[in-house]
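Read through the structure below, which is laid out as structure tokens, and then see the notes.
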Amino acid sequence: MLKLAEGTARILGILALSELIARQTFNKELRSQFRKGASFGTWISLIDLFLAKVESPRIQELTALRDSPITQTLERIKEFRNRSHHAHGVRFSHELHEDVEQLEPRVLSVINSVNWLSSIRWFWVERCEYLNESSFRIVGLQLRGSHPSWEPLEQLETYPLRPGRIYVDSRLSRQPVDLWPLAMVRLCQECRTQELFLLDQMVSGQAILRSLEEHPLEIRYSASGET
């Protein structure tokens, strides 16, 4: 359950950060959050920062966070995790059961408050084919399921999307949102499948992203944009 809560915070944090970058660029204040690598607390801080600074997000579903005590609940889950990790010795079964009783309602509260996440589409653009001035065929892959897997995607857009980029969109979005450099897709050399990588650390002009399997991916990034 802890992994579920942390994973939810990570996704919300990435979406919140994309909105903050759109508002004020990926400035030093935001990049400093990733100096030592992203943690549970990093994502909670970014969600709080988003709520304080962004009034009209491009991903309109994020406005639902304003009506939810989600950051307070996530903070309590983080504190619970820290206490559990610092506990010494072998835990008895009744202690583990008590932990589950404390944790479960909080995790369920978080999941229920962001059930709209299931309406957010994540897709990767392999190529963008020009049809005419206001029509483009997008070919790529789309994430599906709670244990995400890729499935083929083909759709029409009225504007071009950039190949090699991860986008998110939803029923309420005016247009897909480019998540670069916060998310990327690369072919895993071991399993030969496309992996989704999310931002983990910023070090000396390098962005380090990690997949769900903890595989690292380094890309060059400067304050002025892509290099």
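The values are calculated or read from the model by the stated rules, or taken from the named source; none is laboratory data. Keep in mind that what you see is a predicted model, and the values were worked out from it rather than measured. When we count neighbours, we look across all protein chains shown, and the Cβ atoms used for this are built from the backbone with ideal geometry, even at glycine.
Would you be able to tell me the number of residues in segment 122-152 that are surrounded by 17 or more Cβ atoms within 10 Å (Cβ to Cβ), over 21 Å from Glu213 (Cβ atoms) and aliphatic (A, V, I, L, M)?
2
Can you go through Leu161, Leu199 and tell me which one is hydrophobic (A, V, I, L, M, F, W, C), surrounded by 17 or more Cβ atoms within 10 Å (Cβ to Cβ) and within 13 Å of the chain's Cα centre (by Cα)?
That would be Leu199, the only listed residue that is hydrophobic (A, V, I, L, M, F, W, C), surrounded by 17 or more Cβ atoms within 10 Å (Cβ to Cβ) and within 13 Å of the chain's Cα centre (by Cα).
Kindly indicate which of Leu217, Leu212, Leu182, Leu199 is at pLDDT 95 or above and more than 20 Å from Glu61 (Cβ to Cβ).
Leu199
Would you pick out the residues in segment 26-53 that are under 13 Å from Leu182 (Cβ atoms) and among the hydroxyl-bearing types (Ser, Thr, Tyr)?
Correct list: Thr42 only.
Based on this model, can you work out whether Phe26 counts as in contact with a Gly (Cβ under 9 Å, 6 or more places away or on another chain), within 26 Å of Val203 (Cα to Cα) and outside any helix (DSSP H, G or I)? Step through it out loud before you land on a result.
Working: in contact with a Gly (Cβ under 9 Å, 6 or more places away or on another chain): yes; within 26 Å of Val203 (Cα to Cα): yes; outside any helix (DSSP H, G or I): yes.
So Phe26 fits the description; yes.
Could you check segment 52-72 and list, in sequence order, the residues that are touching a residue at least 12 places away in the same chain (Cβ under 8 Å) and hydroxyl-bearing (Ser, Thr, Tyr)?
If the condition is that a residue be touching a residue at least 12 places away in the same chain (Cβ under 8 Å) and hydroxyl-bearing (Ser, Thr, Tyr), then Ser68, Thr71 are the ones that fit.
Taking the condition surrounded by 12 or more Cβ atoms within 10 Å (Cβ to Cβ) and either aliphatic (A, V, I, L, M) or part of a loop (DSSP other than H, G, I, E, B) (or both), does Leu156 pass? Walk me through it before giving the result.
Details: surrounded by 12 or more Cβ atoms within 10 Å (Cβ to Cβ): no; either aliphatic (A, V, I, L, M) or part of a loop (DSSP other than H, G, I, E, B) (or both): yes.
Here the answer is no, as Leu156 does not meet what is asked.
Of everything in segment 35-77, what is surrounded by 16 or more Cβ atoms within 10 Å (Cβ to Cβ) and in contact with a Pro (Cβ under 8 Å, 6 or more places away or on another chain)? Give them in sequence order.
Phe50
I'd like the residue in segment 84-96 that is part of a helix (DSSP H, G or I) and surrounded by 10 or more Cβ atoms within 10 Å (Cβ to Cβ) and, out of all such residues, is modelled with the highest pLDDT.
Ser84
Are any of the residues in segment 125-146 among the β-branched types (Val, Ile, Thr), modelled with pLDDT of 95 or more, part of a strand (DSSP E or B) and within 18 Å of the chain's Cα centre (by Cα)?
Step one: filter segment 125-146 for residues among the β-branched types (Val, Ile, Thr), giving 125, 138-139.
If we keep only those that are modelled with pLDDT of 95 or more as well, we get 125, 138-139.
Still in the running and part of a strand (DSSP E or B): 125, 138-139.
From what is left, the residues that are within 18 Å of the chain's Cα centre (by Cα) are 125.
Yes: one or more hits.
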